[in-house]
Every structure is written in structure tokens, then in C-alpha cells.
1. Working only within the stretch 386-430, note down all residues that are aromatic (F, W, Y) and in contact (Cβ under 8 Å) with a residue 60 or more places away in the chain.
2. With out of contact with any Asp or Glu (no Cβ under 9 Å at 6 or more places or on another chain) and either outside any loop (DSSP other than H, G, I, E, B) or on the phi > 0 side of the Ramachandran plot (or both) as the only criterion, which of L341, L285, L262, L320 stands out?
3. So how many residues does the stretch 97-140 have that are β-branched (V, I, T) and either in a helix (DSSP H, G or I) or in contact with a strand residue (DSSP E or B) (Cβ under 8 Å, 6 or more places away or on another chain) (or both)?
4. Of all residues in the stretch 213-236, which are buried (at least 18 other Cβ atoms within 10 Å of the Cβ) and in a loop (DSSP other than H, G, I, E, B)?
5. Can Y149 be described as part of a helix (DSSP H, G or I), at pLDDT 95 or above and hydroxyl-bearing (S, T, Y)?
6. When you scan the stretch 102-137, how many residues do you find that are within 13 Å of L155 (Cβ to Cβ), touching a helix residue (DSSP H, G or I) at 6+ places or on another chain (Cβ under 7 Å) and among the polar types (S, T, N, Q)?
7. Taking the residues in the stretch 344-362 that are among the aromatic types (F, W, Y) and assigned to a strand (DSSP E or B) as candidates, determine which candidate is surrounded by the fewest Cβ atoms within 10 Å (Cβ to Cβ).
8. Between a residue in the stretch 196-225 that is over 14 Å from S236 (Cα atoms) and any residue that is crowded, with 20+ Cβ neighbours inside 10 Å and small (G, A, S), which pairs come within a Cβ distance under 6 Å, given they are 6 or more apart or on different chains?
Amino acid sequence: MRCDRGWLASIVLVFTLGMSASPAHAMDVASYKIAMADSITLSDPFARYVTPGQCKQAFYRLHRAYWRSRRRDTVVFAPLTDSTPKSVVQAARHCTTRFSVDRVDPRQLLDLVQLYIWTGQGDLAQRAMDRLRLASAKRPAVARGWTMYLYAMTLLSSRPVQLSSVQQAVADLDAMGAPAATWRLFAHNQLSKYLIALDDAAGAENEARAALRASRAMSLTDRIDWMPRIFNAYQSLLSPVERRHGGAAALTILDTALVDLLPLRPAGSAEAEAIRQDIRNERQLPLMLGSSIDTPLHASVWFSTSGDTIYPRHGVPALLIAGTASCGGGCYPMYATIRRLHAKYGAHLDIVFATGTGGFFRLQPTADPLIEADSAGAYWTTYLQLPVTVAVETTSFSRLDDGRRRDAETVNQRNYFRVREAVLVDGHGVVRWLGGVEPTSEAIWDHLIQELLTAQ
């Protein structure tokens, strides 16, 4: 009951794009495409499937296969409008015809509910959910709460999201009271993260506060066990509070977090000190907001399309990103976000990657820092053709007794990236926002950049 990560990984579909389908299941994809395209009679590609869970896995595979060659560097996160490709919906819907709401084993009903929701079969999803609730009626309240939480997260992972349905499911979960407090914490926190991705700071704040209220209804044992998740709810609260009320209000939230969480670990223990350190780290973000950094980015080597080697430039807002050229496909969504921001704002926004040498490039050792710097700059600006300036610092380092390299903190890490991997500064060098650059935060960056340019 404690291990929810596997379930979450299975239902949050939108973040699993880009993975390749295994050869063993390529036959399913190919045969179904032929059947749909040519309208010829083939043996049912899902004939061997005996549970809804197998259809659900086929849904994932088909979805990944569809996007594998389409969205690697153009991925967009538009949760109110994104939808599942029609070919995937048709295939998954065909697979669901193998099962009946009234006959499937109750243990498999949640899989069927998820499939119906993802394929737009709302009436069947409701029937399956009604039967699941009836079958769960005699189970302990904590188990029923877990089922309702998974149902709410299924709604949140469907595309396009029907937000009112998600909110109703979370409200039903709240109605279960203290026995479902842990799952209410989870649900409200996930909904808060979703809303901040929509740049709905007020909604995100309300949901994060609801998550923390739920945490106070948890038993002491559960609060101890799930303390990191409670802390994560405080972290979710920081972003909308900083947006709406400023850094001072965010610091107050962290003071509350320390008082709330510290008693959950033995006094004087390493675990208690870890809580203190985590909160000290979080305090750096609101302290940096609104501050002015007079020191420009430092670099041993520059790759600049404009010829400038002093960034941030006076009068031009800049998005400064701590990057690593060793990041592979996992960074493509960030690169796509950067391309879209550049396409929208062009020369009105500087985008600068700041990186340091590490003794290797793409897992290959490099003896000369200048060769590594050249490789990193060429990778971003020539190979990927990103519209960015690149600043490469030569990183100082020492050797441990066993020969391993230990890098020292770079100037740029100390001045700009001690809190988050990306910093937005205005034309006067004042920090306006810090966070991660990715499709799920694109709406926030876009909104803030517009605000800066409008205010100039």
C-alpha cells in the first residue's frame, strides 16, 4: 500500500513519450495499422490478451510508437487541448471490446476504467467505476481511498483533461475524511502541480494548501512514513505563493514547514539535520527573487551568435540555463521549449547556456578543457542548431585519494545556479524567476517574459 510510484508511473501517460516499442510488440502495431488502413480482415491482433491490463500496456506501447519519430524535439505540453492520437484510441478501443464491465474480475476493473477514460468511452468508464465502488464497499476505508486516488489521477492523465471531472473525483476523496488523508495529500499535490503548469497560480496555491490540510489529518505514523511527500506539498506551495505574494510570504511558508516537519524526526538526528538543510536550500530561491546580480556570466570560451561575451546584456532580458552537453534525449523537451521561446521573442530575449568542463564529453574522457569546451559549444550550436549563446567555464578540481576527480564550485554556479538550473533576469540584472525549463513550465516562463517585455 505504501509503494505508489509504480502506479503513478503507469497512469501519468503524458510524461512517457519518446520511448521505443519493443520488437516483441511491433507486430501488434503493424498488424493493426494494416487492418485500419486497408480495411482487410486479419486475425485480431489482441486475441491473446486476457486481461484489461494487457490492453492498457498495448495502449502505452502504441502511444510511444506513434510519437517516437514525431515529437522528439517538438514536444508540447498543452494539457487542456492535447489529445491521444486517433490511431491509438481506435486500437485501444478495439482491445476493450474483448471485455465486459459486468464480467471482468473486480480486481481488473480499475484497468478497464482507465482504458475507457483514455479512449473517450465515458459512459462505460462510469459503469465500471460504479461497479468498482460497489465491489470495494466492504474493504477498509484506506483501501477505498487508494482506489479513488488512482481514479482521480487517471482522469488527470487523460488527454484532453476534463478538469471539472478531476476536481469532482478529488472532492469525493476529501469526503472520505481522515481514513483517506494520505491519498488526499497525494491527489491535491498532483493537482497543484498540474495547475501551476497551466500558469494558474491561484488554483495551484489552493490545491497545495488543501494537500497540507489533508496531511494534518494523517496519523502520526503515516506522517512519519510520508514526511517527504508532505515536504513536497510545501515545495508545491512555494511557487504559486512566490508568484502571487512575493518572496517574504514564501519564507513564512518555509518557517511553517520547519515547525511542522522537524518533530517527525528524532531530535539531533541526521534525519532532522537533513530537514533543516533541505529547508535552508529552499530558502535560497525566495531570497534570490528580486535580487540584483552585478557579476556577469563567467566563461573561458564563448560561443555567441551576436559576438558579445558579456551576459546578461544591459536592457535585454535573459534566460540563463545551467546546461550539460552530456544530456541526451532527456533534454530534448527542454530544447523544444527553448526553440519555441526564441521563435516567439527572437532578439528581445537572450538565451544562454552556462556549463563547466568535467573532464569528459559524452562519456568520453577529454584531456584538454579547451577541446571539451569546443565539443560542448559545437554540440549545442552546430549539431543541434539551438538558438543559444554558450558560456563554458574551465572547472577547477582536485583528486581524491582513490584518483577520482572532485570538481570545485564554478563562478556561475555560485552566482546564478545555486538554487535552480534556470534563471530569468530582466534588462537590469534583477532576478525575476528561477526554475526548470521544460514543457510543463513553459506557460510560466512565457508569461513572465511577456511581463518583462511589456514593462520595458
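1. Correct list: Y416, F417.
2. Going through L341, L285, L262, L320 in turn, just one is out of contact with any Asp or Glu (no Cβ under 9 Å at 6 or more places or on another chain) and either outside any loop (DSSP other than H, G, I, E, B) or on the phi > 0 side of the Ramachandran plot (or both): L262.
3. Total satisfying the criteria: 2.
4. Of everything in the stretch 213-236, those that are buried (at least 18 other Cβ atoms within 10 Å of the Cβ) and in a loop (DSSP other than H, G, I, E, B) turn out to be M218, W226.
5. Yes.
6. Total meeting the criteria: 1.
7. F360
8. A214/A181; A217/A181; M218/A181
The values are calculated or read from the model by the stated rules, or taken from the named source; none is laboratory data. This one's a predicted model, so the numbers in the text were calculated from it and none came from an experiment. Every residue, glycine as well, gets a Cβ built from its backbone with ideal geometry; the counts of neighbours run over all protein chains shown.
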